[in-house]
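Heads up, the thing below is written out as structure tokens.
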Amino acid sequence: MTTRGTDGSAGDADYAAIGDGYAAYRQPEPEFEAAIAAALGDARTVVNVGAGTGSYEPRDRAVTAVEPSATMRAQRPRHLPVAVDATAESLPYPDGAFDAAMTTFSVHQWGDLDAGLAELRRVATGPVVVLTCDPDRLERFWLHDYAPEVIETEAGRYPRVDRIAAGLGGEVDVVGLPIPLACVDRFGEAYYGRPEGLLDPGARTANSAWSFVTPSVQERFVDRLGADLGSGEWDRRFGHLRTQPHFDGSLVLVVGRPAG
């Protein structure tokens, strides 16, 4: 059974507490949008599950948005469709209702991953597109040296890619998505070459993993990173990232298609 938070949030993160201001930091990255559009192919009707504030919803297709958190639904721009209050594990649509299904940065929030993936597969006649992070690749990010608790939290929350593939069934492709230096979707690894950004409390709040660590972890992180930036130690170790066009981090696109 899916547990829902005070604003309807499903899964382990309470967006009533951390969702305000999310849209200011988490804008759709054009390179990721292009990859999702290519994966959706010629689908005309798409259900976007865990739709949040509407990032990555195609503007040239008929989209049905599903989002359980009232806080996130309230931040959706007016030009986007109003999101339906429902969870991934129990979609209120008949079999094959859509050409395709998609979900972005959402599967780690679901209370029952297998049930959610089965529902996406059930309601889509074509591709199911999942934008997520591979937990086996999270330690590549320099944050692991400064706040390992955050990386460990993320690694424990994100499902393994092979489990997602198994849940989708059929034919599955997994494609790594390099993260651009000026990535406008400011999830954790988007700061790989601009570490100062993670000193902003709002930036950390917009990344749910920080809500699972103690205030002392955040204080230690800010103190140490601030000191290393001031002394030049961060740049001595990681300064090459400031001009590296892309970072091959944990971000992946998992695309499942019906067998045959």
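Please treat every number below as a calculation from the coordinates, not as lab data. What you are looking at is a predicted structure, and each value in this text was computed from that prediction instead of being measured. A quick note on method: Cβ atoms are made from the backbone with ideal geometry, for glycine too, and the neighbour counts reach across all protein chains shown.
Per-structure values
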read-out: Degrees, to the nearest 10: 30-40 long Cα axis against longest axis of the chain; value: 30 degrees
read-out: Helix axis angle, 148-157 relative to the chain longest principal axis, alpha carbon, degrees; value: 10 degrees
read-out: Inter-label distance, nm, simple model (7 Å from Cα along the C-beta direction), residue 184/residue 212; value: 2.9 nm
read-out: Longest exposed-site-free window of the chain, the sites being trypsin sites (Lys or Arg not before Pro) in a DSSP loop that have at most 11 other C-beta atoms within 10 Å; value: 79-260
read-out: Derived scalar couplings ³J(HN,Hα) [the stretch 90-106; Karplus, 6.51 cos²θ - 1.76 cosθ + 1.60; whole Hz; x for Gly, Pro]; value: 8, 7, x, 9, x, 4, x, 6, 10, 5, 8, 10, 8, 7, 10, 6, 10
read-out: Stokes-Einstein D (µm²/s) once Rh is taken as the Kirkwood radius of the stretch 148-260 over alpha-carbon pairs, at 25 °C in 0.890 mPa s; value: 153 µm²/s
read-out: Estimated dipole of the stretch 15-257 in Debye, rounded to 20 [Cβ of Lys and Arg +1, of Asp and Glu -1, Cα centre]; value: 380 debye
read-out: Mean separation of Cα contacts under 8 Å, 6 or more apart, over the residue count of the stretch 15-257: relative contact order %; value: 23 percent
read-out: Length gained when the stretch residue 174-residue 243 is fully extended (0.36 nm per residue, less Cα-Cα span); value: 22.1 nm
read-out: Cα-based Rg and Dmax for the chain, where Dmax is the largest Cα-Cα distance (Å); value: 18.1, 59
read-out: DSSP beta bridge pairing in the chain, given as percent antiparallel to the nearest 5; value: 55 percent
read-out: Sum of side-chain charges, residue 34 neighbourhood, beta-carbon under 15 Å (Lys, Arg +1; Asp, Glu -1); value: -4
read-out: Rough spin-label spacing in nm, given labels placed 7 Å along Cα→Cβ, for residue 220 and residue 85; value: 4.1 nm
read-out: Pairwise centroid distance, computed over Cα atoms, of the stretch 181-260 with the stretch 118-152, Å; value: 15 Å
read-out: Farthest positive-ward along the chain dipole, Cα basis, beta-carbon charges - from 116, 148, 102; value: 102
